[in-house]
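Below: the structure, in structure tokens.
The values are calculated or read from the model by the stated rules, or taken from the named source; none is laboratory data. Note that this is a predicted model, so its numbers are computed, not measured. Positions of Cβ are generated from backbone atoms using ideal geometry, with glycine treated the same way; all protein chains shown enter the neighbour counts.
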Amino acid sequence: MTSLARPAGPDELLAEAQPRQLIVTIYGLYAREQPNWLPIAGVVRLMADLGIDGQAVRSSISRLKRRDILHSLRIDGAAGYALSPSMLEVMREGDRRIFDQRPASLADGWVQVVFTVPEAERGKRHELRTRLARLGFGPVAPGVWLAPGALAAEVSDVLARQRLSAYVDIFRGQYLGYAELPGRVRDWWDLDDLAAKYAQFVSHYRLVGRRLAQQPPDGGQAFASYVRMLTAWRRLRYLDPGLPVEVLPASWDGVAAAELFGQLSGMLRPLAHEHAMQALHD
């Protein structure tokens, strides 16, 4: 059968996901309703649907354990893994960004993070930059990062949880000039790159949608398509700060991409869920 998961011509955003990224997607989708546990045998079966062999799955899970993303756990004698408490919190925060991110309003203002890290702790500086970029902040100046004001509570919680708050001051406010704000926003975020990634997502998954209309998938195909699409979408949403529409280019594929993701999710998710439950409980 023709695969719906990977039409020809993927580039960086839609390049082959790493096994550990796919495992995290599977756990995010299905572990939290188990509750918070999946048997390793079932995960191996599901990853086989994605073209990943059992050895690669176990190697990836070992890395996820070392990173405190998964914890080993036996239930009724079956070996499996649960999401760590910290990862459960990350996923709860991610649900809003992945499934329900809405553009900010200029009335929300902006949140500014200012940090100073001693040279002896420069690893913390790298971690701060990584965390802020992942939340959608853009660098305004050395040690000064900016995001829409709606992210203020999220960044405060994340930095406190990661024990980075001692290096940071957080401010809320308005932009008062002098340059036009849309131009300044382009200095702080690479909107051209983000727009290209959204356009690529739309082009790729419109093709998937046409194939779905022509040949409805079976459960395994729907599962593979949905997990790969969601993994790509998660990457994309963590690059997007959700800027106010007033500062975005007039032609912005983020809206079309979100609509397409919702449409395809509606078609694929129920079939994928049914397939996953069968594989996990065999």
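Select, from Q200, Q174, Q214, the only residue that is touching a Gly at 6+ places or on another chain (Cβ under 6 Å) and modelled with pLDDT of 90 or more.
Criteria check complete, one pass: Q174.
Is it fair to say S72 is touching a Pro at 6+ places or on another chain (Cβ under 8 Å) and either hydrophobic (A, V, I, L, M, F, W, C) or not assigned by TED's automatic domain parsing to the domain that holds H275 (or both)? Before the answer, list the steps.
Working: touching a Pro at 6+ places or on another chain (Cβ under 8 Å): no; either hydrophobic (A, V, I, L, M, F, W, C) or not assigned by TED's automatic domain parsing to the domain that holds H275 (or both): yes.
It is false that S72 is touching a Pro at 6+ places or on another chain (Cβ under 8 Å) and either hydrophobic (A, V, I, L, M, F, W, C) or not assigned by TED's automatic domain parsing to the domain that holds H275 (or both).
Please go through segment 116-132 and pick out each residue that is out of contact with any Lys or Arg (no Cβ under 6 Å at 6 or more places or on another chain), touching a residue at least 12 places away in the same chain (Cβ under 8 Å) and not in a helix (DSSP H, G or I).
Within segment 116-132, just T116 meets the criteria.
Determine whether segment 65-72 contains at least one residue that is over 21 Å from A279 (Cβ atoms) and either in a strand (DSSP E or B) or over 22 Å from the mean Cα position of the chain (by Cα) (or both).
yes
Residues that are touching a helix residue (DSSP H, G or I) at 6+ places or on another chain (Cβ under 8 Å), assigned by TED's automatic domain parsing to the domain that holds L268, aromatic (F, W, Y) and closer than 30 Å to D192 by Cβ: does segment 215-230 have at least one?
Checking segment 215-230: at least one residue is touching a helix residue (DSSP H, G or I) at 6+ places or on another chain (Cβ under 8 Å), assigned by TED's automatic domain parsing to the domain that holds L268, aromatic (F, W, Y) and closer than 30 Å to D192 by Cβ.
Does L194 meet the test of being under 21 Å from the mean Cα position of the chain (by Cα), surrounded by 14 or more Cβ atoms within 10 Å (Cβ to Cβ) and closer than 30 Å to P85 by Cα? Walk me through it before giving the result.
Details: under 21 Å from the mean Cα position of the chain (by Cα): yes; surrounded by 14 or more Cβ atoms within 10 Å (Cβ to Cβ): yes; closer than 30 Å to P85 by Cα: no.
Judged against the criteria, L194 is not a match.
Determine whether segment 162-174 contains at least one residue that is in a helix (DSSP H, G or I) and either closer than 30 Å to A279 by Cβ or aliphatic (A, V, I, L, M) (or both).
Yes: one or more hits.
Tell me yes or no: at least one residue of segment 179-193 is among the small types (G, A, S) and assigned to a loop (DSSP other than H, G, I, E, B). Outline the logic, then answer.
Within segment 179-193, the subset among the small types (G, A, S) is 179, 183.
From the residues that got through so far, the ones that are assigned to a loop (DSSP other than H, G, I, E, B) too are 179.
Yes, segment 179-193 contains at least one residue that is among the small types (G, A, S) and assigned to a loop (DSSP other than H, G, I, E, B).
Taking segment 24-67 only, how many residues are without any contact (Cβ under 8 Å) to a residue 12 or more places away in the chain, within 20 Å of A222 (Cβ to Cβ) and acidic (D, E)?
Summing the residues that are without any contact (Cβ under 8 Å) to a residue 12 or more places away in the chain, within 20 Å of A222 (Cβ to Cβ) and acidic (D, E) in segment 24-67 gives 1.
For the subset of segment 225-264 comprising residues that are buried (at least 17 other Cβ atoms within 10 Å of the Cβ) and of a type in the set (S, T, N, Q), which member is nearest to L29 (Cα to Cα)?
Step by step, filter segment 225-264, then rank; the result is T231.
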